[in-house]
Amino acid sequence: MIGLTPYLVLAAILVVLGIAIIISKRNAIAMLIGVEFILNAAALNLAAFSRHGIGALSGQTAALFVIVLAAAEAVVALAIFLNFYHTIATVDIDQGDQLKG
Amino acid sequence: MMPYAFIIAWLLPLAGFVTLVFRGRRIGEPRSGYLAAGLMVTAAAISMVCAIRWVVGHPDSLNVSASWLVIGSQVVNFGVHIDSLTVVMFTMVTIVASCIFIYSIGYMHGDPRFPRFFTYMCLFAFSMLGLVLSDSLIGLFVFWELVGLCSYFLIGFWFEKTSASNAAMKAFIVNRVGDFLFLIGIATMLSMTGSVTLEGVFNQVRQGAFAGHGALLTFAGICLFFGAIGKSAQFPLHVWLPDAMEGPTPVSALIHAATMVAAGVYLVGRIFPILTPGALLFVAYIGGITLIGSALIAIVMTDIKRVLAYSTISQLGYMILALGVGGWVAGLFHLITHACFKALLFLGSGSVIHGCHGEQDIRKMGQLHAKMPYTSLTFLVGTLAIAGVPLLSGFYSKDAILASALGFAWGHRAHWVLFALPTAAAAITAFYMLRLYLLTFRTTARDAHIHEHAHESPKVMWVPLAVLAVLSICIGWLGKMPERHSLGEGEYKYEGGRGLVGLIAEAQPTWAVSWRMQEAGHASSHESVAKESAHAEHGFHTAATIIATAAMLLGVILAWLTYVKGLIAPARAAQVLAPVHKLLLNKFYFDELYRATFVAGVLQLAAFGKWFDRVIVDGLADGSARWVAKTAFFSGLILDNRGVDGLVNGVAQAALVGGNIVRRGQTGRVRNYLLGLTTAGAVAVVVFIWIW
């Protein structure tokens, strides 16, 4: 049986990747993918801790919630991006500075 | 009814004044004169009717009074007091003023300010009559100042001439000195007796308001007398009167000879009962010094009006001396007779000046009798009257004065000079008046040009002269001094007076401080003293008549020898007596003395005041202004601009700078925030692990 550490290392790599994507990408869709990375890293951690820790299914349940949450989040975010695209004809986040004081 | 008749007569000139003030220029030249003269003649007629009724009816005195001012509990009444002296004075003033008003219509003919002249004259007549009628010291003082003001207006009537405006100022300022002391005297009376009416003051004094303060009463009397010194041009305040001759001649006649200057004598007559023997002696000596000094100056004067001016001062000195030696009736009688003949002489001199086209120097006249007979004749009457030729009015009054002076000198041997001075002055008076007459109207014509063009004045001018000449001759006739009967305690009664003298004597005070003090000084009973003095007075009268006539004759003969016979050459006499002549020509250097002391002193004071103002007061003001400016500069530019503004701007600047710094982090870019967030998270984890 694989130990806890590889899971955690994978999750850490995923989190760092997600953050790196969000920071470096200007495309809104790409940033959304970065967010998915982070969410999934969290879900992976939850499942891994559940499996090697308490033993109950609470971690897996939380992971399921995270998946649902990610889906909901993606829906909302995409709706925002669609509106964004409607307004300024691009999904480049840096162009969205019309509220800038 | 009678006081009201007098009040109406008094208000007539005021009506003239008010009318002329507002409508004078519209009324125009001849008519404003007619108006003023008409009102004055009406007033004279009313007062003459009243005077006749007074003589026939012989009422005592009449008083009308109304409260005028209330100061705290002190009520100042403004009232009219009429006794026989008031009646005589009132009638004299109105008659003389009428003559002069009529004369002025001719004299002022062609003057551009003709209506204004009559405006002032009306105001003067009103004030003078008010002064005569007034029953209180305050009322007297008010009208006293009013006549002084009119005098100022009229002396400076031709104010284009610097000498005239200077003379007006001189008269006013010199009078102020006297008036100031007069006011102190009134204040002393008010504070000691609580009354300002003459009657109230007398009653209080009689009841001992000054008991234990004899010196204060003397002081108050002398202060009041100083008012008279100023107004009646007595030594040492006589300097204004000769200069006052710069005014038009009718003014000189009315104000500076007949009426206003007599106000001082009238005042002394009114306050006589409260004058102590000491004050009276002071009065007498002032009169004595004045009468001899000015008579001497009159000898050398060459300006016709100035000779008359000094003669006026001298005659006023006579009156003052008479009052000082207790010759109350004599002094006031001389006041009346003098008013007539001095007005006549002044109007005569005005007529001469008019006829000679403005020439006033008697050295350039001569032989004018043929050219102006009426003026010459009336002038001669005036000259003889003032010289004291028997049967003319001046003779009687001067005689009475000399009798009083002799009586006094007899009783007080140490003061013999009080008789010697008026006697000597009587001779001098006769001399200089004849000199004036002879040089002007007789002898040879010394300036052919003036003589050729001289002409008699119009009827409107010589008729008043004739009226005054008749008065100068007649008013002394049938007079008889009343007998004095002592009632004890300084109280007397009089009986058996007749004529003008008798009428004046009716108003004589029946009680006086000096009399009571004199009686207290005598060991014997007052009964015998009174009897003695009554006898003595009679004796003195005869002696005085003889002495006065002799003195007059001496003067006349001397003038005759000098100017008609030519036995004494005036030029040679002047050479022999060069120092005296020079002293007299310079009027005893009084003007120079005053200029060197008072005028220079005042100028010094003014210069000091100017320096003080410029350096100290202005320095203080400038210094504080400079200080304020500096402070303002500091507080404005430094404190406010740099301090307060700096603080406010500094806060704003700090906010701006801080904002600019902080805004750099606020990019609005999610990835920047995220980078910051993760960096912070990472640092936190590292620190957390490291601490752990």
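Residue by residue through the stretch B:575-589, note down the ones that are surrounded by 12 or more Cβ atoms within 10 Å (Cβ to Cβ), free of Cβ contacts under 8 Å to residues at least 60 places away in the same chain and over 26 Å from the mean Cα position of the chain (by Cα). Explain how you work it out, then say what you get.
Step one: filter the stretch B:575-589 for residues surrounded by 12 or more Cβ atoms within 10 Å (Cβ to Cβ), giving B:577, B:580-589.
Pick out the ones that are also free of Cβ contacts under 8 Å to residues at least 60 places away in the same chain and you get B:577, B:580, B:582-583, B:586, B:589.
Within the stretch B:575-589, B:Leu577, B:Val580, B:Lys582, B:Leu583 qualify.
Can you tell me which residue among B:Leu647, B:Leu677 is assigned to a helix (DSSP H, G or I), away from chain A (no Cβ under 14 Å) and free of Cβ contacts under 8 Å to residues at least 24 places away in the same chain?
On the way: B:Leu677 fails: away from chain A (no Cβ under 14 Å).
Exactly one residue qualifies, and that residue is B:Leu647.
Out of everything in the stretch A:83-95 that is over 15 Å from A:Val35 (Cβ atoms) and at pLDDT below 85, what residue ends up being nearest to the other protein chains (Cβ to nearest Cβ)?
Restricting to residues being over 15 Å from A:Val35 (Cβ atoms) and at pLDDT below 85, the top hit is A:Asp94.
Here are some residues: A:Gly34, A:Gly59. Which one is within 13 Å of chain B (Cβ to nearest Cβ) and assigned to a helix (DSSP H, G or I)?
Details: A:Gly59 fails: within 13 Å of chain B (Cβ to nearest Cβ).
Exactly one of A:Gly34, A:Gly59 is within 13 Å of chain B (Cβ to nearest Cβ) and assigned to a helix (DSSP H, G or I), namely A:Gly34.
Select from the stretch A:65-79 the residues that are surrounded by fewer than 12 Cβ atoms within 10 Å (Cβ to Cβ) and under 22 Å from B:Gly668 (Cα atoms) and list them in ascending order.
Once the filter is applied, which keeps residues that are surrounded by fewer than 12 Cβ atoms within 10 Å (Cβ to Cβ) and under 22 Å from B:Gly668 (Cα atoms), the stretch A:65-79 yields A:Val76, A:Ala79.
Of the conditions (1) out of contact with any Lys or Arg (no Cβ under 9 Å at 6 or more places or on another chain); (2) within 14 Å of chain B (Cβ to nearest Cβ), A:Ser24 satisfies every one except a single condition; which number is it?
Only one criterion in (1) out of contact with any Lys or Arg (no Cβ under 9 Å at 6 or more places or on another chain); (2) within 14 Å of chain B (Cβ to nearest Cβ) is unmet by A:Ser24, namely (1).
Run down B:His334, B:His354 and say which single residue is within 20 Å of B:Thr545 (Cα to Cα) and in a helix (DSSP H, G or I). Write out each step before concluding.
Numbers: B:His354 fails: within 20 Å of B:Thr545 (Cα to Cα).
Checking each option against the conditions leaves just B:His334.
May I ask you to verify whether A:Ala43 is within 11 Å of chain B (Cβ to nearest Cβ) and part of a helix (DSSP H, G or I)?
It is false that A:Ala43 is within 11 Å of chain B (Cβ to nearest Cβ) and part of a helix (DSSP H, G or I).
Would you kindly identify the helices (runs of 4 or more DSSP H) lying entirely within the stretch B:236-280 that contain at least 2 residues that are under 22 Å from B:Ala164 (Cα atoms) and hydrophobic (A, V, I, L, M, F, W, C)? Full working, then the answer.
On the way: elements: B:240-243, B:249-253, B:262-271.
Fully inside the stretch B:236-280 and qualifying: B:240-243, B:249-253.
What are the pairs with Cβ atoms under 7 angstrom where one residue, in the stretch B:357-371, is assigned to a helix (DSSP H, G or I) and the other, located anywhere, is polar (S, T, N, Q)? Sequence gap at least six, or different chains.
B:Ile362/B:Thr302; B:Ile362/B:Thr440; B:Arg363/B:Thr302
Would you call A:Gly53 within 14 Å of chain B (Cβ to nearest Cβ) and touching a helix residue (DSSP H, G or I) at 6+ places or on another chain (Cβ under 9 Å)? Write out each step before concluding.
Numbers: within 14 Å of chain B (Cβ to nearest Cβ): no; touching a helix residue (DSSP H, G or I) at 6+ places or on another chain (Cβ under 9 Å): yes.
Considered against the rule, which asks whether it is within 14 Å of chain B (Cβ to nearest Cβ) and touching a helix residue (DSSP H, G or I) at 6+ places or on another chain (Cβ under 9 Å), A:Gly53 comes out as no.
Just give me the residues in the stretch B:62-84 being without any contact (Cβ under 8 Å) to a residue 40 or more places away in the chain and outside any strand (DSSP E or B), in sequence order.
If the condition is that a residue be without any contact (Cβ under 8 Å) to a residue 40 or more places away in the chain and outside any strand (DSSP E or B), then B:Gly72, B:Ser73 are the ones that fit.
So how many residues does the stretch A:29-64 have that are more than 30 Å from A:Thr90 (Cα to Cα) and either buried (at least 19 other Cβ atoms within 10 Å of the Cβ) or not polar (S, T, N, Q) (or both)? Even if it seems obvious, please write down each step before you answer.
As a first pass, look at the stretch A:29-64 and keep what is more than 30 Å from A:Thr90 (Cα to Cα): A:42-64.
Then keep just the ones that are either buried (at least 19 other Cβ atoms within 10 Å of the Cβ) or not polar (S, T, N, Q) (or both); that gives A:42-49, A:51-57, A:59, A:62-64.
Of the residues in the stretch A:29-64, 19 are more than 30 Å from A:Thr90 (Cα to Cα) and either buried (at least 19 other Cβ atoms within 10 Å of the Cβ) or not polar (S, T, N, Q) (or both).
Kindly provide the set of residues from the stretch B:151-196 that are part of a loop (DSSP other than H, G, I, E, B) and without any contact (Cβ under 8 Å) to a residue 60 or more places away in the chain, ordered by number. Explain how you work it out, then say what you get.
Narrowing the stretch B:151-196 to residues part of a loop (DSSP other than H, G, I, E, B): B:159-161, B:194-196.
Matches in the stretch B:151-196: B:Phe159, B:Glu160, B:Ser195.
Among the candidates B:Tyr396, B:Tyr437, which residue alone is more than 19 Å from B:Val307 (Cα to Cα), of a type in the set (Phe, Trp, Tyr) and touching a Ser or Thr at 6+ places or on another chain (Cβ under 8 Å)?
Values: B:Tyr437 fails: more than 19 Å from B:Val307 (Cα to Cα).
After ruling out the rest, the residue left standing is B:Tyr396.
A:Ile80 versus (1) hydrophobic (A, V, I, L, M, F, W, C); (2) more than 14 Å from every other protein chain (Cβ to nearest Cβ); (3) in a helix (DSSP H, G or I): which is the lone unmet condition?
All conditions are met except number (2).
Evaluate the stretch B:657-667: report whether one residue or more is in a helix (DSSP H, G or I), exposed (fewer than 10 other Cβ atoms within 10 Å of the Cβ), free of Cβ contacts under 8 Å to residues at least 40 places away in the same chain and within 14 Å of another protein chain (Cβ to nearest Cβ).
Filtering the stretch B:657-667 for residues in a helix (DSSP H, G or I) gives B:657-663.
Going one step further and asking which of them are exposed (fewer than 10 other Cβ atoms within 10 Å of the Cβ), we end up with B:660-662.
Cutting the leftovers down to free of Cβ contacts under 8 Å to residues at least 40 places away in the same chain gives us B:660-662.
If we keep only those that are within 14 Å of another protein chain (Cβ to nearest Cβ) as well, we get B:660, B:662.
Within the stretch B:657-667, one or more residues are in a helix (DSSP H, G or I), exposed (fewer than 10 other Cβ atoms within 10 Å of the Cβ), free of Cβ contacts under 8 Å to residues at least 40 places away in the same chain and within 14 Å of another protein chain (Cβ to nearest Cβ).
Could you look through the stretch B:408-449, keep only residues that are in a helix (DSSP H, G or I) and of a type in the set (Phe, Trp, Tyr), and pick out the one that is farthest from B:Leu323 (Cα to Cα)?
As a first pass, look at the stretch B:408-449 and keep what is in a helix (DSSP H, G or I): B:408-411, B:413-415, B:417-441, B:448-449.
Okay, now just the ones that are also of a type in the set (Phe, Trp, Tyr), so B:408, B:410, B:419, B:431-432, B:437, B:441.
On the way: B:Phe408: 11, B:Trp410: 16, B:Phe419: 13, B:Phe431: 25, B:Tyr432: 25, B:Tyr437: 30, B:Phe441: 35 Å.
Here the answer is B:Phe441.
Among (1) polar (S, T, N, Q); (2) surrounded by 12 or more Cβ atoms within 10 Å (Cβ to Cβ); (3) within 13 Å of another protein chain (Cβ to nearest Cβ), which single condition is A:Gln98 missing?
(2)
Could you please let me know if B:Leu216 is free of Cβ contacts under 8 Å to residues at least 60 places away in the same chain and either touching a strand residue (DSSP E or B) at 6+ places or on another chain (Cβ under 9 Å) or part of a helix (DSSP H, G or I) (or both)? Even if it seems obvious, please write down each step before you answer.
On the way: free of Cβ contacts under 8 Å to residues at least 60 places away in the same chain: yes; either touching a strand residue (DSSP E or B) at 6+ places or on another chain (Cβ under 9 Å) or part of a helix (DSSP H, G or I) (or both): yes.
Considered against the rule, which asks whether it is free of Cβ contacts under 8 Å to residues at least 60 places away in the same chain and either touching a strand residue (DSSP E or B) at 6+ places or on another chain (Cβ under 9 Å) or part of a helix (DSSP H, G or I) (or both), B:Leu216 comes out as yes.
Got at least one residue in the stretch B:46-58 being over 26 Å from B:Tyr120 (Cβ atoms) and not in a helix (DSSP H, G or I)?
Yes, the conditions are met somewhere in the stretch B:46-58.
Report whether or not B:Ile289 is of a type in the set (A, V, I, L, M, F, W, C), in contact with a Phe, Trp or Tyr (Cβ under 6 Å, 6 or more places away or on another chain) and surrounded by fewer than 23 Cβ atoms within 10 Å (Cβ to Cβ). Working first, answer last.
Values: of a type in the set (A, V, I, L, M, F, W, C): yes; in contact with a Phe, Trp or Tyr (Cβ under 6 Å, 6 or more places away or on another chain): yes; surrounded by fewer than 23 Cβ atoms within 10 Å (Cβ to Cβ): yes.
Here the answer is yes, as B:Ile289 does meet what is asked.
The values are calculated or read from the model by the stated rules, or taken from the named source; none is laboratory data. Computed from a predicted model, the values in this text were never measured in an experiment. Counting neighbours? That spans all protein chains shown, and the Cβs are built from the backbone with ideal geometry, glycine included.
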